[in-house]
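Accompanying notes for the structure given below.
The values are calculated or read from the model by the stated rules, or taken from the named source; none is laboratory data. It should be emphasised that the depicted structure is a prediction, and the values quoted were computed from it without experimental measurement. Positions of Cβ are backbone-derived with ideal geometry, glycine not excepted, and every protein chain shown enters the neighbour counts. Surface areas here come from the heavy atoms of the whole protein model, side chains and all, with no ligands, DNA or RNA. Shrake-Rupley method; radii C 1.70, N 1.55, O 1.52, S 1.80 Å.
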Amino acid sequence: AVPELLDQLQRLPAGTKELDLLIVSDGGDPTVAWRIVSLIRERATSFSALVPQAAYSAATLIVLGADEVVMHPNGNLGPTDPQIRIQRKSGKDGSTEAVNFGSEDLAAFIRFSRDTVGLKDPEQMVAVYSKFCDEVTAMGVGVSARSALLSVSLGERLLQLHMKGEEEGRKA
């Protein structure tokens, strides 16, 4: 999407002050959200995000970077937890299969095991954690944790791009 957006942004007249961005997306890479907001902010003083339907994941991050959000009653923002796709070995022949999971899945699985199932013993909880790691690989858990931190960091930075005045007002 970045090349197409960049092409459109380069066609804006010099001195463009406001821009409306129509967003309909199931999401994507959170670093692309930062790139898109940065490109827009280089060419317009402020921008509004128009959300008629779904703006999930990375698209939600783009919305966080907007000065104004205009949502249709059926518009939806989604969680910004990255969806991880890893390849794990599935057989002795070296074949692999794709496994998809969200970065919040591990925490939800642990909470469910503890709070709903009632597992309390630390050894039981280690077994639950190990089972999850077996399913998504320990590397997948690491990638998930790092991706979740990146999404939170980007969300905060995108909000700070246009909320500086409000933060200063609260401190006074």
Inset, instruction - Run down SER130, SER153, SER147 and say which single residue is among the small types (Gly, Ala, Ser), modelled with pLDDT of 90 or more and more than 12 Å from LEU106 (Cα to Cα). - result: SER153
Inset, instruction - Among the numbered conditions (1) closer than 30 Å to ALA14 by Cα; (2) open to solvent by 70 Å² or more (accessible area, probe 1.4 Å), tell me where PRO52 comes up short. - result: (2)
Inset, instruction - Considering only segment 1-33, state which residues are open to solvent by 100 Å² or more (accessible area, probe 1.4 Å), among the aliphatic types (A, V, I, L, M) and more than 21 Å from LEU154 (Cα to Cα). - result: ALA14
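Yes or no, residue by residue, for (1) under 30 Å from TYR129 (Cβ atoms); (2) of a type in the set (Asp, Glu); (3) within 14 Å of the chain's Cα centre (by Cα):
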position: VAL24; (1), (2), (3): no, no, no
position: ALA49; (1), (2), (3): no, no, no
position: GLN53; (1), (2), (3): no, no, no
position: SER57; (1), (2), (3): yes, no, yes
position: ASN74; (1), (2), (3): no, no, no
position: LYS89; (1), (2), (3): yes, no, no
position: GLU97; (1), (2), (3): yes, yes, no
position: PHE101; (1), (2), (3): yes, no, yes
Legend entry - Selection count where residues are part of a helix (DSSP H, G or I) and within 25 Å of THR80 (Cβ to Cβ), scope segment 1-33: 11
Inset, instruction - Might you check whether a residue that is over 24 Å from SER153 (Cα atoms) and in a loop (DSSP other than H, G, I, E, B) occurs anywhere in segment 34-56? - result: yes
